[in-house]
Amino acid sequence: MNLSQELIKYLKQQFPDKSPDLNDKDREIWFKSGQASVVKHLAQLFEDQNKNILNNKTIKRSVD
């Protein structure tokens, strides 16, 4: 999977991780929480993906 920074930024804007409003219903709070959880997971995958790319480039250069 190849995630882009633009996608993560877009998802964070569309599904922000923010405190619920007092007027929100329980199901709406759970739903929004689930959305934010997915965005956090994808952001973590993106970060891990980029760490691996940097490590792979460093290892290849040191072997050459």
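The values are calculated or read from the model by the stated rules, or taken from the named source; none is laboratory data. Only a predicted model underlies this, so the values are computations on that prediction, with no experimental measurement involved. For neighbour counting, all protein chains shown are included, and Cβ atoms are generated from backbone atoms with ideal geometry for every residue, glycine included.
Structural remarks
- Of the residues making up the range 12-35, just one is among the hydroxyl-bearing types (Ser, Thr, Tyr) and in a loop (DSSP other than H, G, I, E, B), namely 19.
- Close pairs (6 angstrom Cβ cut-off, 6 or more residues apart or separate chains): farther than 10 Å from residue 3 by Cβ in the range 27-47, of a type outside the set (Val, Ile, Thr) anywhere: 29/20; 35/15; 36/15; 36/17; 39/11; 39/12; 39/15
- Entry remark, the range 6-28: residues being modelled with pLDDT under 95 and either of a type in the set (A, V, I, L, M) or under 9 Å from the mean Cα position of the chain (by Cα) (or both) number 1 in total.
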